[in-house]
Structures are given as C-alpha cells and as structure tokens.
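Comments concern the structure below.
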Amino acid sequence: MAHAGEIAALVTALCWTFSLLSFTAASRRIGSLSVNIIRLVIALLLFSAHGLIFRGRLLPTDAPAHTWLWLLLSGFVGFFLGDLCLFKSLMLVGPRLTSLLMSLAPPLTAILGIFMLGEHLTAWNWTGMAVTVLGVSWVILERTGGEGIAAQRPSLGGIALGALAALGQAAGLVFAKLGLRDDYDPFAGTHIRVMAGVAGFGVLLGLIGWYPRVYQALRQPRAVALVFFGAFLGPFLGVALLLLSVRTITTGVAQTIVSILPVTVMPFLIWLYRERVSARAFLGACIAIAGVAMLFLK
C-alpha cells in the first residue's frame, strides 16, 4: 500500500494521543510510577494473548538470538531508561520545557539511523522534518504559563535528563529496527521490548519499596481501567504500529511524524480541559501538519 509506513506512524501518533490522556488521568489518581509498571504488565499480557491467538506462541520463542539482543536493548533503553529520564525531567523543569526537549528525538533518530542503519535522507526529507519540528516547538512554546512544579526555575540536571529522554527514544527506535531487519513480526518484536521494560521497572520498584503502592493502585478500578485503555493504544497497538512503520520508511521520518503528538492532543485539551489556544499556537499546528504532508509527498 502506498505510504503504508507514513500512515502507520500517523496512526501511532493518534493512538499515543489517547493513551497520553488516559495515563495522565490515571497518574493523578495512583502516581506515574505505578502507572508505568501497570501499563507495561497489561501490555505484556496483551502481547501474550495476541501471540497465542495469531501466532500459536505465548512467547516470541521463534526470534533469533540477535533479534532478542537488539529488541531487549531497545526496550531497556526506550521503555525503561528513557521513561525514567522523561518523568524525572517533568518533575524538575515542567512539562513545557520537557516537551520541547523531546522534540530533539526526530533529528537524533535521523542521525543515529544514518550511522547505525545506513539510512539515506534526501534534502526534501530534512526540510519536511525541520518544518514539522519547528511547528511542534512553536505549539509547545506557546504554552508559557504553568502552575506548581511546571513554573519552577529550570535546572541543568532537568534539561540534561530531558535531552537524555529524547536520546533514549531515538536509540530505542533505531535498536528496534536493527532487531527487525529479518522482517520479524512487529507485534512479537514489541513483546520482547516490553519484557525488558517490565524487568527494568520491576527491579527498580523492588529496590525503592514501591510495590505496596502498586497493590493499592490495583484496588482502584477506575484508574486501572484508564491504564488498560492507555496500554492497549500505547505500548500494545501504537508501538507495534511504529515498528511496522520503520520497516518501510527511515527511522527519522517515522519519529518525526510521531512527534506531532502535542498537535494531535490539542483539540482534546480544548474539549476536555477547556484550554484556550491562541492564533499563534494554531499557526504552529498548521506548520507541523504541513511538515508531515511534505514527508508523505517524499
């Protein structure tokens, strides 16, 4: 199908929009660390069920050794280390600056893809990526207000962690593509990545004694339902579609299309939280959409 990779990346952005809203609502009830481990465990169960029904395997035991190596590394870097840096950065410098730092992920992914995967990007690709990142950054910068921790003075440590989160997202995607080079099933591949994330968070929560809080969180059915919905659209469907995307297009282009999340979430912020969007932010959204259109036009 024409533009299959680009469409898969765009659907990923839409899936992550709804999962972000679900995880945000759940985190307000049970905390972000509890949400992280519960969402990954739910995703792990979903992948096991999917593998048993559609592949006849509860676990991806048919994956070659090098596929396991790259995908476990991808999951550890992307799902665990990247998310740890992301949430700590949110605490230190707030959501606006952290989101802006995460816009570094597309160019970092493109650079890693060139050196590690031998990918080639045309001048048109670079231009489309630059336009998209510019539009997304404009949307993020427009939201200059903040309350509580979001209004704190930025720290160098928080900025560094935000940049590391972007690097973790970029490296995780490139490592994932290395693991899928034999056209391995993207759902089974994401299954392996989630295993690494669950293992990382499982050890961390044990070290900091967080499991009693997780058990308490599981006793809140509304919060668990929100996490389940987010896990289905995020780590399960969304991430698998992203891996499907990078099988046909470069990692830099796929990551750029996914990076329009601050734009796709904007209508829901207006609808659910009655946020006001200025003409400048709307223009930034239009610029980001134009950049994505350029990537579709190649």
Next on the checklist: Step by step: first the residues of segment 6-24, then only those that are aliphatic (A, V, I, L, M) and within 25 Å of residue 250 (Cβ to Cβ), then the one that is modelled with the lowest pLDDT. Which residue is that?
Outcome noted: 20
Checklist outcome for this item: Taking segment 142-159 and keeping residues more than 30 Å from residue 286 (Cβ to Cβ) and either surrounded by 16 or more Cβ atoms within 10 Å (Cβ to Cβ) or at pLDDT below 65 (or both) leaves 148, 149, 152, 153, 158
Checklist entry - Being under 29 Å from residue 172 (Cβ atoms) and touching a residue at least 40 places away in the same chain (Cβ under 8 Å), is that true of even one residue in segment 272-279? => result no
Checklist outcome for this item: Residues of segment 197-220 being over 14 Å from residue 84 (Cα atoms), small (Gly, Ala, Ser) and not in a loop (DSSP other than H, G, I, E, B), in sequence order, are 206, 217
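Check segment 254-266 and report whether any residue there is under 17 Å from residue 72 (Cα atoms), crowded, with 24+ Cβ neighbours inside 10 Å and not hydrophobic (A, V, I, L, M, F, W, C). Don't jump to the end; show me each part of the working.
Within segment 254-266, the first condition is being under 17 Å from residue 72 (Cα atoms), and the residues that meet it are none.
No, segment 254-266 contains no residue that is under 17 Å from residue 72 (Cα atoms), crowded, with 24+ Cβ neighbours inside 10 Å and not hydrophobic (A, V, I, L, M, F, W, C).
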Checklist entry - Taking segment 40-64 only, how many residues are over 22 Å from the mean Cα position of the chain (by Cα), loosely packed, with under 15 Cβ neighbours inside 10 Å and assigned to a helix (DSSP H, G or I)? => result 4
Checklist entry - For segment 117-143, how many residues meet the condition of being among the small types (Gly, Ala, Ser) and outside any helix (DSSP H, G or I)? => result 1
Item to check | Candidate set from segment 27-39 (those that are in contact with a Phe, Trp or Tyr (Cβ under 7 Å, 6 or more places away or on another chain) and over 30 Å from residue 292 (Cα atoms)); member that is surrounded by the fewest Cβ atoms within 10 Å (Cβ to Cβ) | outcome: 32
Item to check | Cβ pairs under 7 Å, 6+ apart, first in segment 71-92 and under 21 Å from residue 112 (Cα atoms), second of a type in the set (Phe, Trp, Tyr) and modelled with pLDDT of 85 or more | outcome: 73/175; 74/175; 77/175; 80/201
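Among the listed residues 130, 123, identify the single one that is more than 15 Å from residue 172 (Cβ to Cβ) and without any contact (Cβ under 8 Å) to a residue 24 or more places away in the chain.
123
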Checklist entry - Got at least one residue in segment 219-242 being closer than 14 Å to residue 41 by Cβ, over 21 Å from the mean Cα position of the chain (by Cα) and either loosely packed, with under 15 Cβ neighbours inside 10 Å or not basic (Lys, Arg) (or both)? => result no
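Criterion first (in a helix (DSSP H, G or I), of a type in the set (Val, Ile, Thr) and free of Cβ contacts under 8 Å to residues at least 60 places away in the same chain) does residue 17 satisfy it? Spell out how you get there, then give the answer.
Numbers: in a helix (DSSP H, G or I): yes; of a type in the set (Val, Ile, Thr): yes; free of Cβ contacts under 8 Å to residues at least 60 places away in the same chain: no.
So residue 17 does not fit the description; no.
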Checklist entry - Taking segment 243-260 as the search range and keeping residues that are closer than 21 Å to residue 137 by Cβ and not polar (S, T, N, Q), which one is modelled with the lowest pLDDT? => result 260
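When you go through 19, 89 one by one, which is the residue that is crowded, with 19+ Cβ neighbours inside 10 Å, among the polar types (S, T, N, Q) and farther than 21 Å from residue 189 by Cα? First the steps, then the outcome.
On the way: 19 fails: farther than 21 Å from residue 189 by Cα.
That would be 89, the only listed residue that is crowded, with 19+ Cβ neighbours inside 10 Å, among the polar types (S, T, N, Q) and farther than 21 Å from residue 189 by Cα.
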Item to check | Options 12, 67, 24; residue that is outside any loop (DSSP other than H, G, I, E, B), surrounded by fewer than 20 Cβ atoms within 10 Å (Cβ to Cβ) and either in contact with an Asp or Glu (Cβ under 6 Å, 6 or more places away or on another chain) or not hydrophobic (A, V, I, L, M, F, W, C) (or both) | outcome: 24
Next on the checklist: Yes or no: segment 270-289 includes at least one residue that is touching an Asp or Glu at 6+ places or on another chain (Cβ under 9 Å) and closer than 30 Å to residue 46 by Cβ.
Outcome noted: no
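For the subset of segment 267-298 comprising residues that are of a type in the set (Val, Ile, Thr) and modelled with pLDDT of 90 or more, which member is surrounded by the most Cβ atoms within 10 Å (Cβ to Cβ)?
Filtering segment 267-298 down to residues of a type in the set (Val, Ile, Thr) leaves 270, 277, 287, 289, 292.
Okay, now just the ones that are also modelled with pLDDT of 90 or more, so 287, 289, 292.
Details: 287: 19, 289: 16, 292: 25.
Top of the filtered list is 292.
The values are calculated or read from the model by the stated rules, or taken from the named source; none is laboratory data. Small disclaimer: the values here were computed from a predicted structure and weren't measured. Virtual Cβ from ideal backbone geometry, glycine too; neighbours counted across all protein chains shown.
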